[in-house]
Each structure stands twice: as C-alpha cells, then as structure tokens.
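A.B. asks: The structure's right below; bear with me while I get my questions together.
Quick note: the coordinates plus some simple rules give every number you see, no bench work behind them. Quick caveat: nothing in here was measured; it's all calculated off a predicted structure. Using ideal geometry, Cβ is built from the backbone for each residue, glycine included, and neighbour counts are taken over all protein chains shown.
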Amino acid sequence: MSEQRVGFAAAAAALIARDLRLALRRSGDTLQPLGFFLVVTALFPLALDPQLSLLRDIAPAALWVGALLSSLLALDLLFREDAQDGTLEQLALCGLPFQGLLLAKTAVHWLLTGLPLVLIAPLAATALGAPYEAMPGILAAVLLGTLALSLIGAVGAGLTMSLKRNGSLLALLVLPLAAPVLIFGARATALAIAGEPLAAPLYLLAAFTVLSATLAPWALAAAVRIGLE
Amino acid sequence: MLKFLAMGGYARYVWPCYVLTAAVVGLNIRWALRSLHSARAAARRRIAAVRAAS
Amino acid sequence: MNELTADNLQLWRGEQHVLRGIGAVVAGGQCLQVTGANGAGKTTLLRALCGLVPLEAGRICWRGRDIAVDAAAFHSELNYLGHDNGLKADLTATENLRYAAALRRPVRAQDIAAAMARTGVAEAAGQLLRHLSAGQRRRVALARLTLTGGSLWVLDEPGSNLDAGGHTLLLELIGTHLQSGGVAVVATHRQLALPAAQLRSLTLQ
Amino acid sequence: MAWVWFHRFGSPPHFYRLATRLTPWFAWPAALLCLAGLIGGLVLAPPDYQQGDGFRIIYVHAPAAWLSLMVYVVMATSAAVGLIWRMTVAYAVSASCAVIGASFTALALATGMLWGRPMWGTYWEWDPRLTSELLLLFLYLGYLGLRNSIDDVGRADRASAVLAIVGVVNVPIIHYSVIWWNSLHQAPSVMKFGRPTMPAAMLVPLLLMLAGFTAYFVALLLIRARGELLRRERNAHWTAEAAGATATG
C-alpha cells in the first residue's frame, strides 16, 4: 500500500484547526477562566478601599495573582479530556514528532485562554487605577507571563492528566515553578503604572519565557507519554 | 554549666533549634529503617507466595 | 516483509506480574487473536506492542527492527484502535475522520464518504458524535481504521457495541487487510471466524 | 517458569550488597563529625560580636539548608540517570531522597525563623534565603504529592523524574529571582554571614557539621535505597537472599 505521508506542518495545522473548532463549539470552557480572572481582580478593591490611589499600589499583585490562578484553572482541561477519549494516544502513535504536536496543542490553549487574558488585562488594570500610559507595559508583561505559564503549566497538566482526583496537585506543581513569572511580571507592571522604565524586569521575564519554551517540549512529551501508559 | 545553658540570653532560640534538629535526624533514621524492614518483609511474603505457587 | 515478533515480554502493574515472558511471531497476512479473562492483561499487551507501555524486559520487533529504536517509522505503519474510539464527541463524524486522517495521509472528501459508506454510518455523517449510539460510534472508529490504513493493525476488542452486521463487517475489514499482506493483533472475547491458515492465537492467564 | 533475570543496566544485587557494606562506613563518621562539630560550635567557638551566642544556631541551620539543596540535586540527577538509561538502581536512589530532603528543608526553615527572631524581632522575614527555602519546600511537596498519587511504582518513578528534572533547572532561577526581588525593596538583610570572614574557631566546627550531615545523608540514602530496590526488583532471585527469605525457606 503506497504510503504517502502527511507532513508535520499539515498535521499540526489540522490539530490546531480541530482544537479551535472544538473550543468554538464549547465556548463556555474558554470564557470561564476569563470570568474567573475578572472576579478575582474585582475582589481586591472590595477587600481594600475604593480609593484608586490606594488600589494602584496593589494593582500589580491583584492582576498577576488573578492571571496565575485563571491560567491554572484553564490548564486542567488541556489534556485531560483528550486522554480520556483516546485522541491523545492517537497523537502519540501517528509517527509525527510528538513534542511538536503537543506544543501546537499548548499554543492553541494559550490562544484560547492566555491571549484573552492579555486583552482584558488593561481593562482590569484601569479598574485598579492604572493610568492609560501604563497599558503598553502591562500588555507586554502579561503577554510574556501567560506564555510562560502555559508552557510550564502544560507540563504540570501532562503529569496530572490521568490522575483521578487531581484537585490542587496541579497548582502545587506549577505555582512554585511560576514564581519568577510572578516576581518579574508584577515588578514590570508596577514600573509601568509608575511610569518608570520597565526594561529590566521585562527582559528577565522574556528570558524566563524563552527558557520555558526550550525546556517544556521535552518535559511535556515525557510527561504525556507517562500519563498514557 | 548554667552559663552555658543560658547561651548568653539566647537560650530560648538556640536550644529549640537543636532539639528540632535532633528530632528530624532521629525521625529520618527511624523512617529509613522502617522503610527497609517493610520492604524486606514484603519481599519475603512475595517470595513465599511464589514458592508456594510453583 | 511485514512481520511482528515479541519475545520474553515482562511487565508488572503494581504488585501483579501481568506479562510473564510473552512471546509471539505474526507474519504478513496473519492475525494474532489474543484471548483471556478480564484483567488478564490483554489491553496491557496490546498497548505494549504499540510502544505505549515501556516493558521491564523483552523486545518487540517490526520487520526485524526493535520498535524502540525507530519509533516514528514503526508508528507511521501502525493503526491502533483502543477501548475508547479516539474520536471527539463534539465533532461530527466527518470532521472527526478528516482530522484523524490529517495526522496520517492526505485524504479527499470522497474518501471519507466512501469509508463511512463502507462501515454503514453514511447517514450519520453530519451528526455530532455525541448524538450517535455506541455502535455507530464504533463503526465511525472502524471507518477511521480503513481510511488511515497502515500495515499493522492493533485492535482492542474492536467488536464491542457492534451488532451482528457489525461483526461480519469487522471480519471483512480484517480479511481484506490480511489479504493485502497486512498484520493484525486483535484482543477479543469471541473467536474470530477467520480461516485457520490466517489465524494464530494467544491466551493470557 | 524461569523468573530469574537481571535488569540490563546497573546490577541491583551488586548495589544492594555494596550498600549494606558501606552504610556503617558513613554512619559512624557522620556521628563522630557531628559530635566534634557540636563541641566546637557550642563550647569552643567564641560568641559573635554582633549576635552573641545566638549565632550558634548556624551549626544546625547551615547544614540543614545545605542538605535541603544537595538532596534535591541528588534526587534530580539520579532521576535523570534513571529516565535516560532506565536503571532501577537510579530510580531507587531518587525515590529515597524526597522525604529526607523535605524534612531537612522544613528544619532549615524552622531554624532560620528561630534565628531570625532575635535579629529581626519577628519570626518570619521575607529574607531571600528563607523565601528560597520556602519555595524549595513547595517543590518537594509537589514531588511527594505527585509520587503518592500514582500507584504503579514504575510510572510514579518516571513521572516524578520528569518533575525533579524540571524542578532542578528552576531551583537556581527561583533563587536568583527571589534575591533580585528582595534587593528591590530593601537593603540586603542584616544576616549577612559571609563565611570567609568567620574566624577559624567558628568556621571549623561549621565545616565539621556540614561534612557530618552529608555523611549522615549518604548513610540514610543507602538504607532507604536498599528498601526501594527490593520493592522494584519484584521477582529477581537475588531478592530472596537479600530479604533473608532463604533462612526461613
């Protein structure tokens, strides 16, 4: 039987198209983390003081703790369902580079949960008293931060995808590893709000994101293979 | 001897540290030995079962 | 020459010694029928043959080469159907088949329609898998099998949820696969009505 | 049915016998080194000009902090060896490290807080070292959480190996980002304790304690690894003799 093979790019594109179509069909799954992010950031003023000047100091913390937790919330869906209905093992057995396919899946996951977070972060920041000039800085920091979170979180999701009662284990695995993202991201946001140059933390955050992008594929493929056993 | 125990007024902080350390050191020894003995016992049970079966 | 060989496979699942020195040779045009009680390790053996489960000892070779050495080449010729169908409930049958095939071979829309007609689910083409019966979903999975081909089929109880017509269809599909020189490993509870020459059998305790 | 077989890489029976023989060679030196270190540290070393006798906590705090980090590195390297060459012995070593590492990280935290109390007036101070130690404890808890939630030994080994490797790459990054974060808000904390500035009478006991704790860890590791090896070499013939089953027959 002549076996013309399909290239990796075509297969990855099909996988991305499939996941996007699925997400559109079940838009609930993608909107939930966003709702969660807005609720968390809205809680801080209630807990503190309506004065914008005061909120401005805690805005970075509120934004980034909210971003961290909502990314975490969305991560659990990443592999769990595909592992249960058998599509993930088909990916593992199709003979194409598994790391690439999993990276494509993580990219779609970021498009659906990370990017919307980036887009509404300015909205939440303004609600917390951030001046208009701070928006570009906040956008850049949240963009890099959510990318790093998706990459590290995907490894955690792979490790816990086939565990029955996963509960807070995913958070316990991912949050310590994401501490640098929180530190550099919040610092960059604080500088952006204060109008000072924020190159230093932004570059450090970018460096961490690049490191995650190099380390995650290997760890992701290894974790998912073990989960499929 | 009493002056030694007083630790120059820091006794409240120094001795608890040493007690804690002794506890952790001791506990780890106990856990390690217990883990080894339970593993050997399990191995003995498994081997007895295999011998009984074959 | 298509040939699958396995020798001295050893594997534990927790405290249970599931695979105890399993050996088998399946040449082109032959089907290895794996039988055994529930929990005897049929699924574990099949997943081990696909390379999904790392073995504690033993070797599996496809065309004389250890599958761990060049897994990508082995997997590109392998087609695995597990207990669950490997299909998405929120996609229609056609979409499922298109995306499944996209991982392996370029296929045209009419190939998909032909495969679904072949397995008797043509009428369910546009419906979400979620709305189909278990038997229909299994037939869509069989359509995926015929669509993506592959010289080695590893099927884990392919007949589950199938009606009588479904079983005869399954035997036809396996028959044509074997005639074209393909190799099949099938875990089943019912004896496969295949000619003796093509059938080898392995029972797990 | 022949169930006599040996794992391809690294021969478990050899390691088991070696571990049994070597344990006392690490246990006794550990005890002697620690005894010498304690006498030196608690009795002979002069009080610190700034912290008085309070500084003597260093003789348990520093070794515990050193152990917490070294054990994680040993755990990750043996996990990597296990994952790459699929060596049961490496997985046994890796599995033995976690509890030891976690308990000494907790000890380092506790002693750090007790040491901080007279200095800072509070039990907890977001000092870069204490914060890194706290994050390291979370890494250990994550590792232990993952390992305990998988029942099959083989899968638990491989999954926790991946986590340990990802963790060990992040440990320095977390440490330096915490230092970077801490240096933003305040001057480095007063507990600056550069080792070279310590006079010999203070330094020697510290080195003795560090060596003693390391030897103690190796002895513990050898004991635990023997047990873990038996759990993983389920059917090999040599386990009978190791488990003392031959005597009872």
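A.B. asks: According to the square roots a ≥ b ≥ c of the eigenvalues of the Cα gyration tensor, what is the shape class of segment D:57-203, taking rounded for a/c under 1.5, prolate for a/b larger than b/c otherwise, and oblate for the remainder?
C.D. replies: On the way: a/c = 2.32, a/b = 2.03, b/c = 1.15.
In terms of gyration-tensor shape, prolate.
A.B. asks: Here is a further query. Segment B:1-47 to segment C:59-124: how many Å between their Cα centroids?
C.D. replies: Rounded to whole Å, the Cα centres lie 58 Å apart.
A.B. asks: Okay, moving on. Does anyone have the angle between helix D:200-232 and the longest principal axis of chain D? Alpha-carbon axes, 0 to 90°, nearest 10?
C.D. replies: That works out to roughly 20 degrees.
A.B. asks: In terms of Cα to Cα distance under 16 Å, which aspartates and glutamates are near enough to C:LYS88, apart from those fewer than 8 places away along the same chain?
C.D. replies: Within the straight-line cut-off, C:LYS88 pairs with A:ASP19, A:ASP29, A:GLU81, A:ASP82, A:ASP85, A:GLU89.
A.B. asks: So, by mean Cβ neighbours within 10 angstrom, what's the order for D:26-33, A:156-163 with the highest one leading?
C.D. replies: Per-residue mean Cβ counts within 10 Å order the peptides as A:156-163, D:26-33.
A.B. asks: Would you mind working out the magnitude of the charge dipole of the protein assembly as shown relative to its Cα centre, with +1 at each Lys and Arg C-beta and -1 at each Asp and Glu C-beta, to the nearest 20 Debye?
C.D. replies: Working: 58 positive and 40 negative charges, 346 e Å.
Rounded to the nearest 20 debye, it is 1660 debye.
A.B. asks: Still on this structure: Would you compute, from DSSP H runs of 4+ residues alone, the mean residue ellipticity of chain C at 222 nm, taking -39500 (n - 2.57) per run and dividing by the full residue count, rounded to the nearest 500?
C.D. replies: Calculated mean residue ellipticity at 222 nm is -9500 deg cm²/dmol.
A.B. asks: Which percent, to the nearest 5, of DSSP beta bridges fully inside the protein assembly as shown are antiparallel? All intermediate terms of the calculation are to be shown ahead of the outcome.
C.D. replies: Numbers: 18 of 37 bridges.
Here the share of antiparallel DSSP bridges comes out near 50 percent.
A.B. asks: Determine the shielding of peptide A:79-86 by partner chains: average, over its residues, the number of Cβ atoms on other chains within 10 angstrom of each Cβ.
C.D. replies: Mean inter-chain Cβ contacts per residue within 10 Å come to 3.
A.B. asks: Here is a further query. Restricting to DSSP H runs of at least four residues, report the calculated mean residue ellipticity at 222 nm for chain A, -39500 (n - 2.57) per run over all residues, nearest 500 deg cm²/dmol.
C.D. replies: -27500 deg cm²/dmol
A.B. asks: Give me the percent relative contact order of segment D:117-186, please, defined on Cα pairs under 8 angstrom at least 6 residues apart.
C.D. replies: Answer for segment D:117-186 is 42 percent.
A.B. asks: List D:ILE150, A:ILE226 from most exposed to least, where exposure is judged by having the fewest other Cβ atoms within 10 Å.
C.D. replies: By the 10 Å Cβ count, ascending: D:ILE150, A:ILE226.
A.B. asks: Could you work out the relative contact order of chain A, using alpha carbon pairs under 8 angstrom and six or more residues apart, expressed as a whole percent?
C.D. replies: After rounding, I find 25 percent.
A.B. asks: Long-range amide H contacts for C:GLY36: which residues qualify at under 5 Å (H placed 1.01 Å from N, peptide plane, sequence gap of 5 or more or a different chain)?
C.D. replies: Counting only residues 5 or more places away or on other chains, the set is C:LEU204.
A.B. asks: So, with +1 on the Cβ of K and R and -1 on the Cβ of D and E, and no other charges, what is the size of the charge dipole of segment C:134-180 about its Cα centre, to the nearest 20 debye?
C.D. replies: The dipole magnitude comes to about 180 debye.
A.B. asks: In whole Å and largest first, what semi-axes does the C-alpha gyration tensor of segment A:2-228 yield when each eigenvalue is scaled by 5 and square-rooted?
C.D. replies: Semi-axes, largest first: 34, 18, 16 Å.
A.B. asks: Something else now. Using the number of other C-beta atoms within 10 angstrom as an exposure proxy, rank C:VAL26, D:VAL166 with the fewest first.
C.D. replies: So the ranking, lowest neighbour count to highest, is C:VAL26, D:VAL166.
A.B. asks: Something else about it: Round to the nearest 10 and give me the degree value, 0 to 90, for the angle of helix C:93-102's Cα axis relative to the longest principal axis of chain C.
C.D. replies: With both axes taken from Cα atoms, the answer is about 50 degrees.
A.B. asks: For peptide C:82-92, what's the mean number of Cβ atoms from other chains within 10 Å of each residue's Cβ?
C.D. replies: 5
A.B. asks: Right, another one. Averaging sequence separations of C-alpha pairs under 8 Å and six or more residues apart, then dividing by the length of chain D, give the relative contact order as a whole percent.
C.D. replies: Once divided by the residue count of chain D, the mean separation gives 38 percent.
A.B. asks: So for C:SER151, A:SER212, D:SER78, fewest C-beta neighbours within 10 Å to most, what's the order?
C.D. replies: The order, fewest Cβ neighbours first, is C:SER151, D:SER78, A:SER212.
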